[in-house]
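K.L.:
The structure is given below, and queries will be raised subsequently.
The values are calculated or read from the model by the stated rules, or taken from the named source; none is laboratory data. These numbers were taken from a predicted model, which means no experiment stands behind them. Using ideal geometry, Cβ is built from the backbone for each residue, glycine included, and neighbour counts are taken over all protein chains shown.
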Amino acid sequence: MRPSINRPPTPEAEEDQEKEPTLQEIINIKLIESGEKERLKELLRERLTECGWRDEMKALCRAFTRKKGRNNVTVDDLVHVITPKGRASVPDSVKAELLQRIRTFLVSAAL
Amino acid sequence: MSGRNPTYTNPKPCKHLADYKLKHGLDGYNSLQKSLKTTPNGRTAMNRDQSKIPRCSFCSGYEGRLYFCLICSSVSCFSSLELNHAFLHSQSVKGHEIAVDMERAELFCCVCCDQVYDPDFDKAVMCKQIMEMPCNNNVVDVSIESSNKRRKVAPKKTALDLKNSRDLVMRLRRESNSCFLWGLRGLNNLGSTCFMNSVLQALLHAPPLRNYFLTEQHSRESCRKSSFDGLCLRCEIATLFSAFFSGDRAPYSPARFLYSWWKHSADLASYEQQDAHEFFISLLDRIHERGEQARPSNKDNGDCHCITHRVFSGVLRSDVTCTTCGFTSTTYDPCVDISLDLDPRNGCAMEVADGFIKQSETKDMSTLVGCLDLFTRPEKLGSDQKLYCQHCQVRRDSLKQMSIRRLPLVLCFHIKRFEHSPIRKMSRKINRYLQFPFTLDMTPYLSSSIVRNRFGNRIFAFESDEADISTEFDVFAVVTHSGKLESGHYVTYLRLKNQWYKCDDAWITQVSEGVVRASQGYLIYYVQKILYHKASEDMLAQPISPHRDSFLSTSVCC
């Protein structure tokens, strides 16, 4: 029997396509492995403390804990309560500074 | 802000942590120590392999919080209650319930899905930190012994709190039958001396000083004989105290006192307006000196026992940390007051998301608490102020942080309202309003709190823990300044038995709380709560005879 010329080509192994990391993932991994992510986190901590963001978050956590009762609050609860507010209140200047640092890193890592 | 709850020191472990401890004891913690790493700023994390990032054993994810199982060392992630592989791990393998947050070095119970606390764990973390961080061999900052319970011991009775004082109070009370409020008396202005009058009013009503002088602990008889020039400032002050607490309410002219003080501070002898704070400091200095002449056996180790130091002297701690290696150099300095810079009004340069600012506390005015926060905040020393780090052996960028090692009986806060610029050869006064509380808990500013906070608030005993010193203070006097730098006026507000009185040189008037709160504080005096309440008990509040009442009673609305 002649093989069908219309037979579709052997399919690629599906797993390979899933494992292919996105650009975002590649950048992230490079940041972590080079230690740059840790440095950026330190810088971010410093900036957010300076501008009072950390104190604001602390106050929110305290208020929430007082309302719900000390023994009825988990770390996860607190994270969920303050994350949206926290994200929304990061000053633009801090965002800009960090983006600039990441850009510089990308250039130097020659991606 | 709520005061520290003395019963809250160690949170109770959950059932799973308790089981883990019973079964494994400290083994897990001790073997974990090898993997811990501390950065110079005090944060501890699990030291990860630089070439590989830790990934969850279930999903290979590296995002969210990663937890390291204390029993099998496997890593699982926790992103949300739905995506909770840490919990899965505890369900898939029996007994694997306690893990460590890799980024924060904190215990986590995978079943309760919450952080848990164990003093033994914190101790293991702290030990590693102490071992790792470059240490100063001269100062043992953190003791290895852990004493978990911070007992709140009853405040020590001070030596000034004599039984004699009560007897004297009772005797004088009986003798001065027309007293409305004991010890309240005006001071005549002898020529721009309001700076002196205002401070004297505050000192005359500082409970420990009052007790000391009224119980004749400085004996005027034996002093006149021993002092060579016949002018003892302490005698003058004792005279003032007697005059004030004699029951006579006519305004008093402190001429002899002024003369004595001039003789002792020739450089300040003039009729010019002077700074009340400068006067306060120089007065304390002179009283201390005179004391030493009479009793030259004073110890030289900074622990002076003269009356001024017993009442006003505290100890400040200054930590300078190298930002590169974490080496901290600590120094202790005695102080008789605390000078505070005014905190900026708008400390937060934050973006306002919808409705966000309304819910949180806005900072639209300066507060004393804010000034204290500023005082104890870690300060980045400028690049032109690089200090020599003993560990790195070079000059490095450093962080400086102040805290209070020992609180005095009477706390005097000096608000730096007078700015002197040597460059511009100009001085100016800062008139900004400062809000101050009537009761103040100094716990967050103690060295023990500040240092503990630097290490993540771990449950650990620090050498500088002082559980037996009372940290609660009540205000009793406020010296205010109104007007300009060159031509201003000082007025003191005194709080006697929870009632406020305005002392404006010779005029004493009763005022409402609101007036005091709205005033421009320059020197604010606080005394330890227990001493204030004892003093209040001693104050007389007998019905007044209307004929002898020379006090004006006005309520001034703010």
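K.L.:
Could you tell me which residue of region A:62-82 is farthest from A:Ser93 (Cα to Cα), considering only residues that are more than 11 Å from every other protein chain (Cβ to nearest Cβ) and touching a helix residue (DSSP H, G or I) at 6+ places or on another chain (Cβ under 9 Å)?
P.N.:
Among those that are more than 11 Å from every other protein chain (Cβ to nearest Cβ) and touching a helix residue (DSSP H, G or I) at 6+ places or on another chain (Cβ under 9 Å), it is A:Lys68.
K.L.:
Also: Can you tell me which residue is nearest to B:Gln528 (Cα to Cα) among those in region B:286-334 that are among the basic types (Lys, Arg) and at pLDDT 85 or above?
P.N.:
So the residue we want is B:Arg310.
K.L.:
Another question, then. Can you name every residue in region B:259-270 that is more than 20 Å from B:Phe418 (Cβ to Cβ) and surrounded by fewer than 17 Cβ atoms within 10 Å (Cβ to Cβ)?
P.N.:
B:Tyr259, B:Trp262, B:Lys263, B:Ala266, B:Ala269
K.L.:
When region B:263-275 is examined, which residues are found to be under 22 Å from B:Cys306 (Cβ atoms) and modelled with pLDDT of 75 or more?
P.N.:
Across region B:263-275, the qualifying residues are B:Lys263, B:His264, B:Ser265.
K.L.:
Only one of (1) surrounded by fewer than 16 Cβ atoms within 10 Å (Cβ to Cβ); (2) part of a loop (DSSP other than H, G, I, E, B) is not met by B:Gly247, so which one is it?
P.N.:
(1)
K.L.:
Name the single residue, out of those in region A:83-95 being surrounded by 14 or more Cβ atoms within 10 Å (Cβ to Cβ) and not in a loop (DSSP other than H, G, I, E, B), that is nearest to the other protein chains (Cβ to nearest Cβ).
P.N.:
Top of the filtered list is A:Lys85.
K.L.:
Limited to region B:320-344, what total is found for residues that are surrounded by fewer than 16 Cβ atoms within 10 Å (Cβ to Cβ) and under 10 Å from B:His414 (Cα atoms)?
P.N.:
Of the residues in that region, 2 qualify.
K.L.:
Determine whether B:Tyr252 is at pLDDT 90 or above, closer than 30 Å to B:Asp504 by Cα and hydroxyl-bearing (Ser, Thr, Tyr).
P.N.:
Details: at pLDDT 90 or above: yes; closer than 30 Å to B:Asp504 by Cα: yes; hydroxyl-bearing (Ser, Thr, Tyr): yes.
Judged against the criteria, B:Tyr252 is a match.
K.L.:
Could you check B:Leu160 against (1) surrounded by 18 or more Cβ atoms within 10 Å (Cβ to Cβ); (2) at pLDDT 70 or above; (3) not assigned by the TED database to the domain that holds B:Lys529 and say which number it fails?
P.N.:
If we test B:Leu160 against (1) surrounded by 18 or more Cβ atoms within 10 Å (Cβ to Cβ); (2) at pLDDT 70 or above; (3) not assigned by the TED database to the domain that holds B:Lys529, just (2) comes out false.
K.L.:
Name the pairs: first residue in region B:36-47 and more than 10 Å from chain A (Cβ to nearest Cβ) and charged (D, E, K, R), second residue surrounded by fewer than 18 Cβ atoms within 10 Å (Cβ to Cβ) and in a loop (DSSP other than H, G, I, E, B), Cβ to Cβ under 8 Å, at least 6 apart or on different chains?
P.N.:
These pairs meet every condition: B:Lys37/B:Asn47.
K.L.:
Kindly list the number of the only condition in (1) within 12 Å of another protein chain (Cβ to nearest Cβ); (2) under 30 Å from B:Val451 (Cβ atoms); (3) without any contact (Cβ under 8 Å) to a residue 40 or more places away in the chain; (4) of a type in the set (D, E, K, R) that fails for B:Glu82.
P.N.:
(2)
K.L.:
Would you list the strands (runs of 3 or more DSSP E) that sit entirely within region B:355-453 and hold 2 or more residues that are away from chain A (no Cβ under 14 Å) and small (Gly, Ala, Ser)?
P.N.:
Those strands (runs of 3 or more DSSP E) span B:398-406.
K.L.:
Could you list, in sequence order, all residues of region B:27-52 that are part of a loop (DSSP other than H, G, I, E, B) and surrounded by fewer than 15 Cβ atoms within 10 Å (Cβ to Cβ)?
P.N.:
B:Thr39, B:Asn41, B:Asn47, B:Asp49, B:Gln50, B:Ser51, B:Lys52
K.L.:
Taking region B:85-105 as the region of interest, how many residues are within 14 Å of another protein chain (Cβ to nearest Cβ), crowded, with 23+ Cβ neighbours inside 10 Å and assigned to a strand (DSSP E or B)?
P.N.:
Final tally of qualifying residues: 2.
K.L.:
Could you please let me know if A:Arg54 is within 26 Å of B:Asp114 (Cβ to Cβ), more than 9 Å from every other protein chain (Cβ to nearest Cβ), in contact with a helix residue (DSSP H, G or I) (Cβ under 6 Å, 6 or more places away or on another chain) and part of a helix (DSSP H, G or I)?
P.N.:
yes
K.L.:
Output yes when any residue across region B:542-556 is within 28 Å of B:His277 (Cβ to Cβ) and either out of contact with any helix residue (DSSP H, G or I) (no Cβ under 7 Å at 6 or more places or on another chain) or at pLDDT below 90 (or both), and no when none is. Can you show your working first?
P.N.:
First pass over region B:542-556, keeping only residues within 28 Å of B:His277 (Cβ to Cβ): B:556.
Checking which are either out of contact with any helix residue (DSSP H, G or I) (no Cβ under 7 Å at 6 or more places or on another chain) or at pLDDT below 90 (or both) leaves us with B:556.
There is at least one residue in region B:542-556 that is within 28 Å of B:His277 (Cβ to Cβ) and either out of contact with any helix residue (DSSP H, G or I) (no Cβ under 7 Å at 6 or more places or on another chain) or at pLDDT below 90 (or both).
K.L.:
Also: Does any residue in region B:92-115 that is farther than 18 Å from B:Lys37 by Cα come within less than 6 Å, Cβ to Cβ, of a residue that is among the hydroxyl-bearing types (Ser, Thr, Tyr) six or more places away or on a different chain, and which pairs are these?
P.N.:
B:His96/B:Ser90; B:Glu97/B:Ser90; B:Ile98/B:Tyr20; B:Phe108/B:Tyr67; B:Cys110/B:Ser90; B:Val111/B:Ser90; B:Asp114/A:Thr74
K.L.:
Can I ask one more? Starting from residues that are more than 18 Å from B:Leu374 (Cα to Cα), of a type outside the set (D, E, K, R) and touching a helix residue (DSSP H, G or I) at 6+ places or on another chain (Cβ under 8 Å), keep the ones in region B:439-462 and report whichever is modelled with the lowest pLDDT.
P.N.:
Keep residues of region B:439-462 that are more than 18 Å from B:Leu374 (Cα to Cα), which gives B:439, B:455-462.
Within this subset, residues satisfying the condition of being of a type outside the set (D, E, K, R) are B:439, B:455-457, B:459-462.
If we keep only those that are touching a helix residue (DSSP H, G or I) at 6+ places or on another chain (Cβ under 8 Å) too, we end up with B:439, B:455, B:459-460, B:462.
On the way: B:Thr439: 94, B:Phe455: 83, B:Ile459: 81, B:Phe460: 77, B:Phe462: 69.
Across region B:439-462, the extreme among qualifying residues is B:Phe462.
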